[in-house]
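To start, the structure itself, in structure tokens.
The values are calculated or read from the model by the stated rules, or taken from the named source; none is laboratory data. All figures in this text were calculated on a predicted structure; none of them were measured in a lab. Cβ coordinates were reconstructed from backbone atoms using ideal geometry, including for glycine residues, and neighbour counts include every protein chain displayed. For accessibility, only protein heavy atoms count, side chains too; no ligands or nucleic acids. Shrake-Rupley method; radii C 1.70, N 1.55, O 1.52, S 1.80 Å.
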Amino acid sequence: MNVTLAVKQYISKMIENSGPGMKVLLMDKETTSIVSVVYTQSEILQKEVYLFERIDSQNRDNMKHLKAICFLRPTKENVENLIQELRRPKYSVYFIYFSNVISKSEIKALAEADEQEVVAEVQEFYGDFIAVNPHLFSLNLSGVARGRSWEPTLLPRTTQGLTSVLLALKKCPMIRYQLSSDMAKRLGESVKQIITKEYELFDFRKTEVPPLLLIMDRSDDAITPLLNQWTYQAMVHELLGLNNNRIDLSRVPGISKELKEVVLSAENDEFYANNLYLNFGEIGTNIKNLMEDFQKKKPKEQQKLESISDMKAFVDNYPQFKKMSGTVSKHVTVVGELSRLVSERHLMEVSEVEQELACQNDHSSASQNVRRLLQNPRVSELDAVRLVMLYALRYERHSSSILPGLMEELNRKGVSERHRRMVTSMVEYGGKRVRGSDLINPQDAVAITKQFFKGLKGVENVYTQHAPLLQETLDQLIKGRLKDSQFPYLGPSSLRDRPQDIIVFVIGGATYEEALAVYNLNRTMPGVRIVLGGTTIHNTKSFLEEVTLTAGAGQAERVQRAGGHPNRR
């Protein structure tokens, strides 16, 4: 069960099917992302694809010496663009691949437009999702909810994305969904409907134990996306933002031109692949080792690499080193910037208090620590708000809650009203009233020993105590202990055996911390294969936007039902 491999194989097959000769790859906005995440441009160039174009681009030249491979989502707009293209073809022959099921009527419309008979092939290749890691996929959709209901246009899109993952992995699963979420039930029914309607597509060889699709809702665990992260991939996304494996480093002080945007892809970056899930201290050590290996070749100029700033100086002073190893200069820059942000924003202290809020049950200690950090001028607005949110979720109904006092502290700190309002939105989104599971379990509140990892001077990393709720849910599922009363089956039948192939989907977005938990379960549970997906992959910023959109749309809908106007008295 490898989603990256599945998409790569589809793309290779498209290119092979078109035979030898020069080719153009014609895509839309979404399929461009789908392809770019699994293949680099240079890899595709080696397969005689010399041009990449968008189907919606108006100023493409006629190039009759090229074959066109079209990889498109089956949307009305794309079909319309394709009809216009076929009426006045710019290329010699067209191989058309849709990333999902296309209707017979649309095929007919394309056939009628193909008066010059340039279409050689029309097929469905189910790569309708972003394969982020081999066991992690995203649909790049945000704002999927209106209050507790689906944003109407995004339920069909999510259904398409999820069914295409099932088809790409060749799985016809049984479905379990989170009972406390109406959205999870609706998505389960919608997927089931497609499986029933397209039963011939889902007619895969039966396995002894049927695969399982588990549908969860982000609101059941609003704590995980609020925490600072300390493993490489998760930390990069949290502090710098990973978008289709790209990081924008243009705001980094003194950044060189070629490093303003960098790509981090485990498919073609060995260092990244090896360090994806390691913690920050270990990565610092690994970069240091990598550079020391190189230095051994230059004994005269031996330098001591003591801290990340030493390393940056070293890289800047060796243009040939930069040339030889773009990878290293990229990672030194990224780790250097992470290190700068950690110290500038006091993230080690902030993270320690976050972990205490998420994992322990000492209200008086937590109150003091949150208050102390709010009064620290070096703690950023985002970090102050996330601490208050974690406090509000953790001690929502505590008899001695100091939430009003903390809100006042935020006000004094000059935190914007928009950010302060988000605290209430967060409790509405993921508070006790909404959750279907036991996210906060007082019995587990064992004071966990603080563990520090000291690898490199300048990088001191506190190990994370927090484990996402998803980890516990999957553990229960694998052991056959996940309660039907919390996660019922859709339809009459249920699994008697321990599941082997599990696809987990989180409505409202998954996180890299959850991807790490899945990676570890895959590694340590023989015979179990798990793939995780979400409507998107969140960091704290994107999660706060999601919650704000959800709360705003929900409020507007409630007001509309009541026949009034929002915010008018």
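Given the criteria in the same structural domain as TYR519 (by the TED database), out of contact with any strand residue (DSSP E or B) (no Cβ under 8 Å at 6 or more places or on another chain), in contact (Cβ under 8 Å) with a residue 40 or more places away in the chain and open to solvent by 50 Å² or more (accessible area, probe 1.4 Å), does GLU198 qualify?
No.
Take the residues in the range 10-43 that are closer than 19 Å to LEU264 by Cβ and out of contact with any helix residue (DSSP H, G or I) (no Cβ under 7 Å at 6 or more places or on another chain); name whichever of them is most open to solvent (accessible area, probe 1.4 Å).
Selected residue: GLN41.
Hey, which of the helices (runs of 4 or more DSSP H) in the range 2-115, taking only ones fully inside, have at least 1 residues that are more than 32 Å from the chain's Cα centre (by Cα)?
Values: elements: 3-17, 29-38, 41-45, 76-87, 104-113.
The qualifying helices (runs of 4 or more DSSP H) are 76-87, 104-113.
Mind checking which residues of the range 333-380 are assigned to a helix (DSSP H, G or I), more than 24 Å from the chain's Cα centre (by Cα) and of a type in the set (D, E, K, R)?
ARG340, GLU344, GLU349, GLU352, GLU356, ARG371, ARG372, listed by residue number.
Conditions (1) open to solvent by 40 Å² or more (accessible area, probe 1.4 Å); (2) touching a Lys or Arg at 6+ places or on another chain (Cβ under 6 Å); (3) assigned to a loop (DSSP other than H, G, I, E, B); (4) not assigned by the TED database to the domain that holds ILE530, marked per residue:
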| position | (1), (2), (3), (4) |
| --- | --- |
| LEU141 | no, no, yes, no |
| THR158 | no, no, no, no |
| LEU162 | no, no, no, no |
| GLY188 | no, no, no, no |
| ASP203 | yes, no, yes, no |
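When the range 44-64 is examined, which residues are found to be in contact with a helix residue (DSSP H, G or I) (Cβ under 8 Å, 6 or more places away or on another chain) and over 25 Å from ASP269 (Cβ atoms)?
Within the range 44-64, ARG54, ILE55, ASP56 meet the criteria.
Among the residues of the range 113-126, is any in contact (Cβ under 8 Å) with a residue 12 or more places away in the chain and within 25 Å of ASP217 (Cα to Cα)?
Checked against the condition, which is being in contact (Cβ under 8 Å) with a residue 12 or more places away in the chain and within 25 Å of ASP217 (Cα to Cα), the range 113-126 yields at least one hit.
Restricting attention to the range 408-427, which residues are open to solvent by less than 50 Å² (accessible area, probe 1.4 Å) and either under 17 Å from LEU226 (Cβ atoms) or outside any helix (DSSP H, G or I) (or both)?
LEU410, VAL415, SER416, HIS419, MET422, VAL423, SER425, MET426, VAL427
So, of the residues in the range 216-263 that are among the polar types (S, T, N, Q), open to solvent by 20 Å² or more (accessible area, probe 1.4 Å) and in a loop (DSSP other than H, G, I, E, B), which turns out to be farthest from ARG186 (Cα to Cα)?
SER256
What are the residues in the range 364-403 that are of a type outside the set (S, T, N, Q) and out of contact with any helix residue (DSSP H, G or I) (no Cβ under 9 Å at 6 or more places or on another chain), if any?
ARG397 - this is the single residue of the range 364-403 that is of a type outside the set (S, T, N, Q) and out of contact with any helix residue (DSSP H, G or I) (no Cβ under 9 Å at 6 or more places or on another chain).
Run down ALA113, ALA145, ALA109 and say which single residue is of a type in the set (Gly, Ala, Ser), buried (at least 23 other Cβ atoms within 10 Å of the Cβ) and not assigned by the TED database to the domain that holds TYR272. Let's see the steps before the verdict.
Numbers: ALA113 fails: buried (at least 23 other Cβ atoms within 10 Å of the Cβ); ALA109 fails: buried (at least 23 other Cβ atoms within 10 Å of the Cβ).
Being of a type in the set (Gly, Ala, Ser), buried (at least 23 other Cβ atoms within 10 Å of the Cβ) and not assigned by the TED database to the domain that holds TYR272 holds for just one of ALA113, ALA145, ALA109, which is ALA145.
Give GLU48, GLU43 a once-over and let me know the one that is among the acidic types (Asp, Glu), in contact with a Pro (Cβ under 8 Å, 6 or more places away or on another chain) and modelled with pLDDT under 90. Give the derivation first.
Numbers: GLU43 fails: in contact with a Pro (Cβ under 8 Å, 6 or more places away or on another chain).
Of the residues listed, the single one that is among the acidic types (Asp, Glu), in contact with a Pro (Cβ under 8 Å, 6 or more places away or on another chain) and modelled with pLDDT under 90 is GLU48.
Can you tell me which condition GLU208 does not meet? The list is (1) in contact (Cβ under 8 Å) with a residue 40 or more places away in the chain; (2) open to solvent by 10 Å² or more (accessible area, probe 1.4 Å); (3) of a type in the set (Asp, Glu); (4) under 22 Å from GLU513 (Cα atoms), and all the others hold.
(4)
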